Amino acid sequence: MAHKAKKSKRFKYNLQTLLKVREIRKKQAEEVYNEAKRQLEIERKKEEELRQKEILAYAEFREFMTSGDLGDVGEINRHKVHVEKAKQAILKQLEIIQQAIEKVEEARLELVKCLKDQKIIEKDKEHKREAWRKLMDKEAGKFLDDIASVGFVKKTRE
């Protein structure tokens, strides 16, 4: 990006559209990141609910076992299967949470990349603005020198 600064009344950045595109991509990446974080929170709440159900299933099984009425082996197996299903549901939910964490990390990395890309363009814009400002100051100095030299020549002629 080694374009020279040009004389003009106002600074005009030649990559302004690219800067706008980078800003749009950054906003999109932020939205994806926020959605991934929100989804992770939902999955964590589901895990907490499943843990509560597991605790309840254990409590029911313990209550059944301590009640003294252990008549049917099938009933014991049903309680045991219920507890096992609760454990399996938690394990599946933990896998889902792990996938959600990976999505959040991917979205975060993409957001960081977009932010870096935007910063690069913004830095370039500032450097070009500074180069333009220096050029305009130099031109103003030349103009003042010309006026001064014309005035000097006029005085020497008189």
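The values are calculated or read from the model by the stated rules, or taken from the named source; none is laboratory data. For clarity, every value in this text was computed on a predicted model and none was experimentally measured. Cβ atoms come from the backbone with ideal geometry, glycine included; neighbour counts cover every protein chain shown. The area values use the complete protein model at the heavy-atom level, side chains included, leaving out ligands, DNA and RNA. Shrake-Rupley method; radii C 1.70, N 1.55, O 1.52, S 1.80 Å.
Exactly one residue out of 109, 94, 56, 40 is in contact with a helix residue (DSSP H, G or I) (Cβ under 6 Å, 6 or more places away or on another chain) and either open to solvent by less than 40 Å² (accessible area, probe 1.4 Å) or not in a loop (DSSP other than H, G, I, E, B) (or both): that is 40. Looking across 68, 74, one residue alone is over 30 Å from residue 17 (Cβ atoms) and assigned to a loop (DSSP other than H, G, I, E, B). It is 68. All conditions but one from (1) free of Cβ contacts under 8 Å to residues at least 40 places away in the same chain; (2) part of a helix (DSSP H, G or I) apply to residue 26; the one that does not is (1).
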